[in-house]
Amino acid sequence: MSYEQQTNCYSRVKSRVSRTSDSKITDFLEKIRSCHTFLNTYKWLTDSFVLDFFTENHWAKLCSSWAQSLDLLTLQEMGECLLSQSGTSKTNSLVLPLSLLAFKAACKALSLDRTAISSLDEIISYLNKLGFKSATLQHCEWMSPNSACQPKGALRSLSQVFHRQVKPKKQHELYRMGQCCATISQVTKCQTVADVGAGVGHLSRFLSYGHGLDVICLECEEKFGSAAVKLDSKLEESCARQGITNITTPRHITLTLSPYTKNLMELLEPHIIKETSAVGLIGLHTCGDLGPTLIRNFAVDPGIKFILAIGCCYMKMSLDRTSPVRGYPMSNFVQNQLNPSFVSYEALEVACHALESYSGRLTDLESEKFKVHCYRATLETLLIKLEPPLQRAGLRSVKNAHLLPFEEYARKALDKMDVKLDFSDLSSEHVQSCLKQWKRVVMFYSLRLMLAPVIETVVQLDRLLYLAEQ
C-alpha cells in the first residue's frame, strides 16, 4: 500500500475516540467479520508462495473456468479487467466467469477506501468533526519539492540541502507526512512530537527546520542517530551561511522499544522540555510490532495527544494468541469472537504490496519485467531436486533479470551459494516447459495481490477496534 493511501489509516485523537458512534463500531465489527470469512475461504491462495508455483502446481488449484479465462487474457488485459479500479479493458470483450467477477467485487467491497487524499482539506474537515477548530490554517494544498507551496522555515531557502540523499519517493512521503503532522500538531496545540524509528532523521529535519516543531527522535541503531546528527549539523551550517538563525534542532535518542514497552512517556520525560504537557507520536514506517506498541502506549497514556503512524512489514508482527501482547489481533473482539485462521506470514506479507502500482505496471506494458517470478519458480524446482534443504532459500537479487537468458539469471542468483547446476539442467525440456508458462505465474501472483487490500483492512480495523475498546 503506497504512503499517500495510508495517510488516513489511523490518526486518532484520544479524547475524541469515545465519540465514535455505536453504529460506526457496528459497521467495523461486521466488516472485519466478513473479511475473516472471505479470507478464510481463500487461505489456499494467500498462503501460496509464487516461488512454489511449479513445485506445488498452483495453477491446478484454480477452478477450470478461472484457468481457462485467464489463459485467454493478456497481462495488460488482466490489469485492466481485474486489478484496476475501472475494471474495463479497451481491447478485450471476453466475458469472465461470474465467480471470478464476484471474487473481484468482494475484494473491493471488503477493503477500506484506498483513494489517495486529494488535499489537506479532508484532514482538516475530519479534525473539525472531532471538535477541533482549525480556521486559522492556511496552505491546504499538498506541498511537494517542486510546488509553489513550500515549508515556511529554513527549508524554504535550503530545499536542495534538505533533499540531499533523499530519493523522490522518500521526498513525497516526507512532505505528506510532515504536512499532516504539522496540521494535527497545530489544531491539537501539541508542538512536541516523538519520531519513533527516526533513522537518519529525514522526517525529523522536515518537521523541526521546516515546520518549527520540537522533535525528539527515537532510533534503536546508534549509527543512524550519529548519522542524523551529522546531517543536522550540515543543514545548520547552511543556515548560518544564509543568516538563518531562528531554527529548532531535533534531539536524538538511542532507544529500543519492545512489544512490552508500556511506559514510553516515562522514557521520554528526561528529554522533554519542562513546559511541555503533551507529546504526539509519529512513525513513517512502524515495522512489525512497532505500530501496535505505539498504539498501546497512546491508548493508556494521557500525555500522548495524538498518533500518526504508517504500518508496514505486517508479516513481522507477533501472532501468538496466547500472549497478552500481540501484533495481531490487538482487539478483544477479534481475539475472542473470530477465528482468523487465514493469518499467516505469507498472508501478511502479501498485505505489504501496493496493488495499484502493480496494476499500473501491467497496464503500462511493463509486464515482461515480472518474468523474474517465473525464473525464480523454475529455479526452485531445480534446487529442490538437487538439494531439498535449499527449499525457499534466499537468493541473490538479479538486476534486470527479464533481459537475461534463464541460464545467466540462475548463475547470478546462485553466485554466493555453494550450488553447481549443469548446463543440461538449465536447458532441459522441463525448464523450457516452465519458462513458457511465465504469464500464468504472473496471473497467479496477481490474484494473490487482489487480496492484499482486504488483509490490510483487517489489520487496520483490528487496531481501530482496539482503540475503541480502550
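Counting only helices (runs of 4 or more DSSP H) that fall entirely inside region 360-463 and contain at least 3 residues that are in contact with an Asp or Glu (Cβ under 8 Å, 6 or more places away or on another chain) and open to solvent by less than 40 Å² (accessible area, probe 1.4 Å), the qualifying elements are 371-386. Annotation: Thr256 fulfils all but one of (1) outside any loop (DSSP other than H, G, I, E, B); (2) at pLDDT 90 or above; the unmet one is (1).
Restricting Ala194, Ala198 to those that are closer than 19 Å to Leu281 by Cα, touching a Ser or Thr at 6+ places or on another chain (Cβ under 7 Å) and open to solvent by less than 30 Å² (accessible area, probe 1.4 Å) reduces the list to Ala198. Within the span defined as region 208-221, every residue fails to be among the hydroxyl-bearing types (Ser, Thr, Tyr), in a strand (DSSP E or B) and either closer than 26 Å to Gly303 by Cα or touching a helix residue (DSSP H, G or I) at 6+ places or on another chain (Cβ under 7 Å) (or both). The single condition among (1) touching a residue at least 40 places away in the same chain (Cβ under 8 Å); (2) open to solvent by 10 Å² or more (accessible area, probe 1.4 Å) that Gln171 does not meet is (1).
Note down all Cβ pairs under 7 Å where the first residue falls in region 430-453 and is touching a residue at least 40 places away in the same chain (Cβ under 8 Å), the second is of a type in the set (D, E, K, R), and they're at least six residues apart or on different chains. From residues that are touching a residue at least 40 places away in the same chain (Cβ under 8 Å), the pairs are Trp438/Lys371; Met450/Lys104; Pro453/Arg114.
Within region 333-342, one or more residues are farther than 18 Å from Val442 by Cα, out of contact with any Lys or Arg (no Cβ under 6 Å at 6 or more places or on another chain) and aliphatic (A, V, I, L, M). Only one of the numbered conditions (1) touching a Gly at 6+ places or on another chain (Cβ under 8 Å); (2) open to solvent by 20 Å² or more (accessible area, probe 1.4 Å) is not met by Cys81, and that is (2). Taking every residue in region 94-118 that is of a type outside the set (Gly, Ala, Ser) and pairing it with any residue that is in a helix (DSSP H, G or I) and surrounded by fewer than 14 Cβ atoms within 10 Å (Cβ to Cβ), at least 6 positions away or on another chain, the pairs with Cβ-Cβ distances below 7 Å are Pro97/Ser65. Candidates in region 262-293 are the residues that are under 23 Å from the mean Cα position of the chain (by Cα) and open to solvent by 10 Å² or more (accessible area, probe 1.4 Å); of these, the one that is farthest from Met315 (Cα to Cα) is Leu284. Under 6 Å between Cβ atoms, which residue pairs at least 6 apart in sequence (or on different chains) link something in region 238-251 that is within 17 Å of His211 (Cα to Cα) and part of a loop (DSSP other than H, G, I, E, B) with a partner that is open to solvent by less than 70 Å² (accessible area, probe 1.4 Å) and not aliphatic (A, V, I, L, M)? Qualifying pairs under 6 Å: Ile247/Tyr209; Ile247/Cys239; Thr248/Ser208; Thr248/Gly212; Pro250/Ser204; Pro250/Ser208; Pro250/Cys217. For the structure I just gave you, tell me whether Leu235 is within 17 Å of Gly197 (Cα to Cα), in contact (Cβ under 8 Å) with a residue 24 or more places away in the chain and either touching a Pro at 6+ places or on another chain (Cβ under 9 Å) or among the hydrophobic types (A, V, I, L, M, F, W, C) (or both). No: the conditions fail for Leu235. Looking only at residues of region 116-168 that are modelled with pLDDT under 80 and of a type in the set (D, E, K, R), we find that the one that is most open to solvent (accessible area, probe 1.4 Å) is Lys133.
The numbered conditions (1) open to solvent by 50 Å² or more (accessible area, probe 1.4 Å); (2) of a type outside the set (Val, Ile, Thr); (3) at pLDDT below 95 are all true for Arg16 except (1). The lone criterion from (1) in contact (Cβ under 8 Å) with a residue 40 or more places away in the chain; (2) outside any loop (DSSP other than H, G, I, E, B); (3) under 24 Å from Arg176 (Cβ atoms) left unmet by Leu268 is number (3). Regarding Ala198, is this residue at pLDDT 90 or above, part of a loop (DSSP other than H, G, I, E, B), hydrophobic (A, V, I, L, M, F, W, C) and in contact with a strand residue (DSSP E or B) (Cβ under 6 Å, 6 or more places away or on another chain)? Criteria met by Ala198.
How many residues, within region 289-345, are part of a loop (DSSP other than H, G, I, E, B), touching a strand residue (DSSP E or B) at 6+ places or on another chain (Cβ under 8 Å) and either within 13 Å of Val459 (Cα to Cα) or among the hydroxyl-bearing types (Ser, Thr, Tyr) (or both)? Matching residues across region 289-345 total 1.
The values are calculated or read from the model by the stated rules, or taken from the named source; none is laboratory data. This is a predicted model, so every value here is computed, not measured. For neighbour counting, all protein chains shown are included, and Cβ atoms are generated from backbone atoms with ideal geometry for every residue, glycine included. Calculation scope for accessible area: heavy atoms of the full protein, side chains included, ligands and nucleic acids excluded. Shrake-Rupley method; radii C 1.70, N 1.55, O 1.52, S 1.80 Å.
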